[in-house]
Amino acid sequence: SQTIHQWPATLVQPVGSPLSLECTVEGTSNPNLYWYRQAAGRGLQLLFYSVGIGQISSEVPQNLSASRPQDRQFILSSKKLLLSDSGFYLCAWTEQGRATEAFFGQGTRLTVV
Amino acid sequence: GQQLNQSPQSMFIQEGEDVSMNCTSSSIFNTWLWYKQDPGEGPVLLIALYKAGELTSNGRLTAQFGITRKDSFLNISASIPSDVGIYFCAGRWSGTASKLTFGTGTRLQVTL
């Protein structure tokens, strides 16, 4: 069966520090991968998605970037965090080429102080 | 861009009551999904709908894909305390990478 792992679960970082969140999927090949952000009490905002290794599409211009160095690995990064980057970050995957459901990781609670 | 209006924003109900919530879109979707999110957790898929008019059940949950393809409904019957959480609708149209658009969520509180 497929599983998705996301870490760390929580993170407190100072303003101006770098960020690296990692997500990996097991049990499937060539998934579509997504990064979402959820502000407190709000819905999910799509940040980046990837249909293959090295292929990244950005939905929202911002202080963040994403990379996909391996088929089932998706990384969210920032060179210098802002206070407004605080939030709950979720990684998700869908099956390539099919209109299937999206499955989410457990999320990372990022607090920028 | 796509917009999803989800209502109600929050609900306070008593245990045993039935719950209804809905989502409407400004454009047509080909897929509707309903998720539940517990505090500090990722959303968990409850029901997936793929065809206009489709009515699908999952235990006490029932969801429908609206005929116009611009709306969807979720009903929870005989609510219990563990139903507490935030419920999100999500829609997808034919396009790149199966991107989902999420509603703003319905926060459900159940009192004993």
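Taken as Cα centroids, the stretch A:1-53 and the stretch B:1-66 sit 23 Å apart, rounded to the nearest whole angstrom.
Looking at chain A, what % of its DSSP beta bridges pair antiparallel, to the nearest 5? Looking only at bridges with both residues in chain A, the antiparallel portion is about 90 percent. Averaged over the residues of peptide A:44-53, the number of Cβ atoms from other protein chains lying within 10 Å of each residue's Cβ is 3. Restriction of the trypsin sites (Lys or Arg not before Pro) in the stretch A:5-100 to DSSP coil positions whose beta-carbon has at most 12 other beta-carbons within 10 angstrom yields A:LYS79, A:LYS80, A:ARG98.
Computed 3J(HN,Hα) for the stretch B:9-19, one whole-Hz value per residue from the Karplus formula 6.51 cos²θ - 1.76 cosθ + 1.60 where θ = phi - 60°, is 6, 8, 9, 10, 10, 8, 3, x, 6, 8, 10, glycine and proline marked x. The mean count of C-beta atoms from other chains within 10 Å of the C-beta of residues in A:85-94, rounded to a whole number, is 2.
Taking 7 Å steps out from each Cα toward its Cβ at B:VAL44 and A:GLU59 produces label points 2.3 nm apart.
Only beta bridges with both residues in the protein assembly as shown are counted; by DSSP, about 90 percent of them are antiparallel. Using a cut-off of under 20 Å, list every residue of the stretch A:49-74 whose amide N is near the label point 7 Å from the Cα of A:GLN13 along the Cα-to-beta-carbon line. So the set is A:49-50, A:56-70, A:73-74. Within the shell defined by Cβ-Cβ distances under 10 Å, the residues around B:ASN30 carry a net charge of +3, with Lys and Arg each +1 and Asp and Glu each -1. Per the accessible-area calculation with a 1.4 Å probe, the total area buried between chain A and chain B rounds to 1700 Å². The alpha carbons of the stretch B:1-67 occupy a box of 34, 26, 21 Å along the principal axes, longest dimension given first. Number of Lys-Lys pairs in the protein assembly as shown with C-alpha atoms under 28 Å apart and a separation of 8 or more places or on different chains: 8.
The values are calculated or read from the model by the stated rules, or taken from the named source; none is laboratory data. On a predicted model such as this, the values are computed, not experimentally measured, just so you know. No Cβ is skipped: glycine too gets one built from the backbone with ideal geometry, and neighbour counts run over all protein chains shown. Areas reflect the complete protein model, heavy atoms only, side chains present, ligands, DNA and RNA absent. Shrake-Rupley method; radii C 1.70, N 1.55, O 1.52, S 1.80 Å.
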